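Trainee: The following block contains the structure, expressed as structure tokens.
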Amino acid sequence: MVRPASLLLLALAAGCSDARYGDAESDDAGKQSTSGAEVRDGSLPDASLDAAPAVATPSLPDASATPPVTPATPDAAVPADWRTMLATHYAIAARFYAKDKGLGDAARYSHEIYMLARVLRDGETVRLEARRCIDRGSVLASPLKDEFWWPNAQAVEPQLWDLVMRPDGLRTQAAARPLGYRDQPGECTMPGKQLQVDGRPWLPGGRCDCRADALPMVANDCRIVDDDGDGKPGITVDHMGLLDEPESMRTLDGSQILNAQLSADGSMQGSFLQSYETLSLGCGNNPCTRAELAPCPLELNPVLLEPLADGEWDCAKMLAEQDAGKLFALPPLAFVNGC
């Protein structure tokens, strides 16, 4: 998949100083996201993770080693009672690694996400309602580095996945969902028409443009909305390093959990396929340049699901459990070998 070009990558590849950096993906490999530090005040969390060993959760392989490839077992026995093995709430940690398609090892990308998920049951249908609690990562093109994070990740509406059992494990499935934009308004009957809209303070005079692009490319497109509630277009991404200013972006998120092996205690370990089509909205009336990422093999992008005790949960409570060493024991986010 495609993602907004990072100023960091383009400074090396094409010298384009107008391009910004956001989030990207590829279609044939998994991406991953996890995090063990929290962003509660908008500041970048420390990259080190000090949690104690995980409780009833498989630990991630060391970031400096190549994790073994676990082959799928198509004829594996599927437990008939797998739905009864699920907890009501889960802490989810996922990581994703990729390289720039053009620059290869010279420009490497790491991403981690923490989510809080609730299991919803409706007869035989089981769904995961997953809210982002932390979303952060980095781009390294030595000696340059840019770290990024979503300061308002918890304000974004949760992802809703169907959870299904396959011969090689549990997986999620759902249509890709837009973040930072919506369908074309019915009033946009022709390209170039302007509409008067409320609640979008980034629009001069409150007027947006009807545009014919398949996906919105600029902030004044009538499809762009404020999905994280900060009064800025799209989703806001903060940066530290080469870029030290906030960036607005939109994305089509088709990320999924794949091949998750369910343990008797309700915990799961699988792979995270992060599928984004993302673009920065910070280039005025002209679309930003985009860079393409080549994701690392799926088996290098793990996802862990840790069952939580019954009761009421929110991101703050889940992150407090992580801080107390009761959830995931994760190594510092670092680019893995074998990609």
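Trainee: Confirm whether residue 295 is at pLDDT 85 or above and at negative phi. Can you show your working first?
Mentor: Details: at pLDDT 85 or above: yes; at negative phi: yes.
Here the answer is yes, as residue 295 does meet what is asked.
Trainee: Now, a different point. Which is surrounded by 18 or more Cβ atoms within 10 Å (Cβ to Cβ) and either at negative phi or touching a helix residue (DSSP H, G or I) at 6+ places or on another chain (Cβ under 6 Å) (or both), of 249, 240?
Mentor: Details: 240 fails: surrounded by 18 or more Cβ atoms within 10 Å (Cβ to Cβ).
Just one listed residue meets the conditions, 249.
Trainee: What about residue 318, is it touching a strand residue (DSSP E or B) at 6+ places or on another chain (Cβ under 6 Å), of a type outside the set (D, E, K, R) and part of a helix (DSSP H, G or I)?
Mentor: On the way: touching a strand residue (DSSP E or B) at 6+ places or on another chain (Cβ under 6 Å): yes; of a type outside the set (D, E, K, R): yes; part of a helix (DSSP H, G or I): yes.
Yes.
Trainee: OK, next. Go through 264, 316 for me and flag whichever is of a type in the set (A, V, I, L, M, F, W, C) and either touching a Leu at 6+ places or on another chain (Cβ under 9 Å) or modelled with pLDDT of 95 or more (or both). Show your work before the answer.
Mentor: Details: 264 fails: either touching a Leu at 6+ places or on another chain (Cβ under 9 Å) or modelled with pLDDT of 95 or more (or both).
Answer to the selection: 316.
Trainee: Can you tell me which condition residue 219 does not meet? The list is (1) of a type in the set (Gly, Ala, Ser); (2) buried (at least 21 other Cβ atoms within 10 Å of the Cβ); (3) closer than 27 Å to residue 141 by Cα, and all the others hold.
Mentor: (3)
Trainee: Since residue 252 meets every condition but one in (1) closer than 21 Å to residue 147 by Cα; (2) of a type outside the set (Phe, Trp, Tyr); (3) under 20 Å from the mean Cα position of the chain (by Cα), which condition does it not meet?
Mentor: So residue 252 meets the others, but not (1).
Trainee: Identify, please: which residue in the stretch 170-216 is touching a Gly at 6+ places or on another chain (Cβ under 6 Å) and closer than 29 Å to residue 129 by Cα and is, among those, surrounded by the most Cβ atoms within 10 Å (Cβ to Cβ)?
Mentor: Applying the filter and picking the extreme gives 180.
Trainee: Scan 238, 265 and give me the residue that is of a type outside the set (Gly, Ala, Ser) and not in a strand (DSSP E or B).
Mentor: Details: 238 fails: not in a strand (DSSP E or B).
Going through 238, 265 in turn, just one is of a type outside the set (Gly, Ala, Ser) and not in a strand (DSSP E or B): 265.
Trainee: Would you confirm whether or not the stretch 316-333 contains a residue that is under 22 Å from residue 98 (Cα atoms) and of a type in the set (Gly, Ala, Ser)?
Mentor: Of the stretch 316-333, the ones under 22 Å from residue 98 (Cα atoms) are 330-333.
Imposing the further condition that a residue be of a type in the set (Gly, Ala, Ser) reduces the set to none.
Looking for residues that are under 22 Å from residue 98 (Cα atoms) and of a type in the set (Gly, Ala, Ser), one finds none in the stretch 316-333, hence no.
The values are calculated or read from the model by the stated rules, or taken from the named source; none is laboratory data. All values reported here derive from a predicted model rather than from experimental measurement. As a convention, Cβ positions derive from the backbone with ideal geometry for all residues, glycine included, and neighbour counts pool all protein chains shown.
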